[in-house]
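The values are calculated or read from the model by the stated rules, or taken from the named source; none is laboratory data. Please read these numbers as outputs of a predicted model, since none were measured by experiment. Reconstructed Cβ throughout: ideal geometry from the backbone, glycine too, with neighbour counts over all protein chains shown.
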């Protein structure tokens, strides 16, 4: 019998993760026994109702939260804190440094790393800002930008570092519908061009299907795995299509039907 090739080491792996929060009333469990693997260039979306622990999982992968049990690995090594290999883009628009220009905000992580010359930092930052459509506002300050432009700048600052994983916590939730749709498309274009690995959090079922190559569905509090779905065949061309509507209904039923909730509770 021929030996099987071992599975490639994932870019990051969450293995039986449990997250707890201390409160005045005692310890509250936010996430209970969640596991998944994400390979090179995959885009995994965490999807579930409010309070299911999506953002907590993302913060744990980023190294900001310590697991109560279980382990998170990046390139096979246990995550024990934040690192330049995992860059976070949050929903809030105040994530940019207000006293720095757009260019300076994007240059900042490269200057902190101190591995490139000033010319290299400038060239890489300008090239990245051009990719997200901000070449005309390089020397503008954050307070002069629209919400969508601020998010583009935050994405550029994350992408410029060549991090292994881009972590996005509902980055488009506060935007109007047209801007949100536009930025979704731009993110997909960048993902196809650059091939980065993505962990994405959202409440929107349609957004999850369009952005992700995989969905990981979580139950209501505490967050437990319902199932994982492969969605890599869907694209922007499927917006409004019968197949997208059909999968959206299926995902909705898995997340919110009494039967699904009962099955999750019976398997823990």
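Residues in segment 13-41 that are part of a loop (DSSP other than H, G, I, E, B) and at pLDDT 90 or above: 39, 40, 41. Filtered by the rule that a residue be part of a strand (DSSP E or B) and surrounded by fewer than 16 Cβ atoms within 10 Å (Cβ to Cβ), segment 42-72 gives 69, 71.
Taking segment 174-201, which residues are part of a loop (DSSP other than H, G, I, E, B), without any contact (Cβ under 8 Å) to a residue 40 or more places away in the chain and loosely packed, with under 13 Cβ neighbours inside 10 Å?
Matches in segment 174-201: 176 only.
When we screen 220, 171 for residues that are closer than 16 Å to residue 89 by Cα, in a loop (DSSP other than H, G, I, E, B), touching a helix residue (DSSP H, G or I) at 6+ places or on another chain (Cβ under 8 Å) and touching a residue at least 60 places away in the same chain (Cβ under 8 Å), the only hit is 171.
Run down 162, 139, 123 and say which single residue is loosely packed, with under 15 Cβ neighbours inside 10 Å, at negative phi, part of a loop (DSSP other than H, G, I, E, B) and without any contact (Cβ under 8 Å) to a residue 40 or more places away in the chain.
139
Which one is nearest to residue 145 (Cα to Cα) among residues in segment 100-120 that are in a loop (DSSP other than H, G, I, E, B) and in contact (Cβ under 8 Å) with a residue 12 or more places away in the chain? The selected residue is 101.
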